[in-house]
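First up is the structure itself, then whatever we jot down about it.
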Amino acid sequence: MLGMAVIAISSCGSNKKKEMVTTQEFGLSGGKEVFLYSLTNKAGNEIKLINYGAAIVQIDVPDRNGVKENVTFGYDSFGGYEKGDLYFGKVVGQYANRIAKGKLTIDSVEYSLSLNNGPNTLHGGNTGWHSRVWDAQVLKNTDFPAVRFTYNKPDMEEGYPGNVVAEVVYTWTDDNEIIMDYKVTTDRKTVLNITNHAYFNLHGAGNGDILDHEMMIKASAFTPVDSTLIPTGELRPVEGTPFDFRTPHTIGERIGEEYDQLILGLGYDHNFVLDNAEEVDAVVYDPLTGRVLEVITDQPGVQLYTGNFLDGSQTGIGGKVYNYRSGFCLETQHFPDSPNKPVFPSVILTPEEPFLSSTIYRFSVK
Ligand code: GAL
């Protein structure tokens, strides 16, 4: 690991002296430098980002007594990110989640992707956008600390057509919101599904499981999957199922039920079809600490993943071990395997129309 000397400090918003971004060396990947960006808002709370996978690596937010703790999974050093394959905090592309048998067809041309998840492609393949060094720019003269990451994806990398330019701007507001603004363009017709894969534990990352967290997802339907976690194409109403989070339920309350989809998913690992009727799409509350996470998105779906594949093999920031179901993800997205499911909303990206999208993670206490 390279030295951790602070190499740059940038203030932003001329009248808000306390807000700032500091930049430190973090590692080297394929000869490219990886930096750690620390963004401090006016409330004195800090998040950390790296340009490897354009990842969120740390989110320090207070509990109801003002005690700050990191609530997302991350590693102390770059080595963890290079070895780790669980997408901690990373931006996932070119197609987040699964594509059945790694096949897709655009205008009668079939494209083959690498298979990295049983018979399917997961999260953009072996060397998806999560494993790339993105260009980075600390933004100046913004209202809040903000960093832009850009990845230029060459045509046919991982089998996806198009020279694609992906951009995500992270903004850390004084209201403890991480705003993620995405812009993606292509020079030829392709498919796109982009998300952030942060894991959360509102007790603090590594402090027990998340089964006592109360969750609300404003979704009246979800997309059931087969045994390889590919959607069947059905949009199943949540009414009367353990997938009804339209009113708050703890994550653990029904996760062990003998319900076909909980058995196939080994817990919750499903795309919810968002109603998109109100500003906030999902709310998670930790009764122990009082921390609240709200998720706001313009995307049609969100993948609830309850850390069913976590097994304690990952040691994160501060030596904390990430055990089974000790983190949950709410990955805002288009539906998995949409390229092969004409009934799902289209994921086609054309040169004529850039993809523009925003998702917000907002932290508070009650
Ligand atoms: C999730 C996915 C899970 C699992 C996880 C990474 O997005 O839905 O099935 O692959 O990523 O371990």
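Each reported figure results from applying straightforward, stated rules to the coordinates on display, with no laboratory input. The shown structure was predicted, so the numbers you read here are calculated from the model rather than taken from an experiment. Virtual Cβ from ideal backbone geometry, glycine too; neighbours counted across all protein chains shown.
Just a few scattered comments:
- In terms of surrounding Cβ atoms within a 10 Å radius of their Cβ, MET180, MET156, MET20 rank from fewest to most as MET156, MET20, MET180.
- Spin-label model distance (nm) - ASP107 vs THR150, 7 Å beyond Cα toward Cβ: 2.6
- Residue among GLY240, GLY327, GLY118 with the largest mean-square fluctuation in a Gaussian network model of the chain, springs linking Cα atoms under 10 Å: GLY240
- If you look at the Cα atoms of segment 6-199, you get an Rg and a Dmax of 17.6, 59 Å.
- Farthest positive-ward along the chain dipole, Cα basis, beta-carbon charges - from GLY208, ILE59, LEU36: LEU36
- Cβ-based net charge around THR72, under 10 Å, with every Lys or Arg adding one and every Asp or Glu removing one: 0
- The H on the amide N of THR250, modeled in the peptide plane, is under 5 Å from the matching H of MET215, each at least 5 residues off or on a different chain.
- Fully extended contour minus Cα-Cα distance, from GLU253 to LEU28, at 0.36 nm per residue: 76.6 nm
- Max mean-square fluctuation residue, GNM over the chain, Cα-Cα springs under 10 Å, options GLU294, GLU177, GLU257: GLU257
- Lys, Arg +1 and Asp, Glu -1 on Cβ, resulting dipole of segment 6-199 about Cα centre, debye, nearest 20: 100
- Segment 193-242: GluC sites (Glu not before Pro) in DSSP coil with no more than 10 other Cβ atoms inside 10 Å: GLU239
- Candidates per trypsin sites (Lys or Arg not before Pro) in segment 188-238, loop by DSSP, up to 14 other Cβ within 10 Å: ARG188
- For segment 6-199, with +1 on Lys and Arg beta carbons and -1 on Asp and Glu, the positive-most of THR195, ILE99, ILE47 along the dipole: ILE99
- Positive-end extreme of charge dipole, segment 214-340 - chosen from VAL321, ILE217, PHE245 (charges on Cβ): VAL321
- Ratio of Rg to Rh over segment 148-219 (Cα coordinates, Kirkwood Rh, two decimals): 1.11
- Sequence-distant residues sharing a close amide H with GLN303 (under 5 Å, placed H): PHE272, GLU331, THR332, GLN333
- Within-14-Å neighbourhood charge of GLY204 [Cβ basis; K, R +1; D, E -1]: -2
- Calculated from backbone phi, Karplus (6.51, -1.76, 1.60) coupling profile of segment 205-218 in Hz, x at Gly/Pro: 4, x, 9, x, 8, 10, 5, 8, 6, 8, 10, 10, 10, 7
- If you take the Cα centroid of segment 50-85 and the Cα centroid of segment 208-229, the two points sit 23 Å apart.
- Net charge contributed by nearby residues that have their C-beta within less than 9 Å of THR171 (K/R +1, D/E -1): -3
- Candidate cross-link partners of LYS42 among the lysines, defined by an alpha-carbon separation under 23 Å and a same-chain spacing of 8 or more, comprise LYS16, LYS17, LYS18, LYS68, LYS140, LYS366.
- Averaging the Cα positions of each part gives two centres, and for segment 319-357 and segment 128-180 these lie 16 Å apart.
- Remark: segment 194-295 carries a charge dipole of roughly 160 debye about the Cα centre, counting +1 on each Lys and Arg Cβ and -1 on each Asp and Glu Cβ.
- Model label points for LEU266 and GLU82, set 7 angstrom from Cα along the Cα-to-Cβ axis, are 2.7 nm apart.
- Scanning residues 5 or more positions from ASN117 or on other chains, those with amide H under 5 Å from its amide H are LEU122, with H placed 1.01 Å from N in the peptide plane.
- One compactness figure for segment 210-366 is 1.07, namely its Cα radius of gyration divided by 2.2 N^0.38 Å.
- Entry for the chain at q = 0.07 Å⁻¹: log10 I(q)/I(0) = -0.28, Debye formula applied to identical alpha-carbon scatterers, no solvent contribution.
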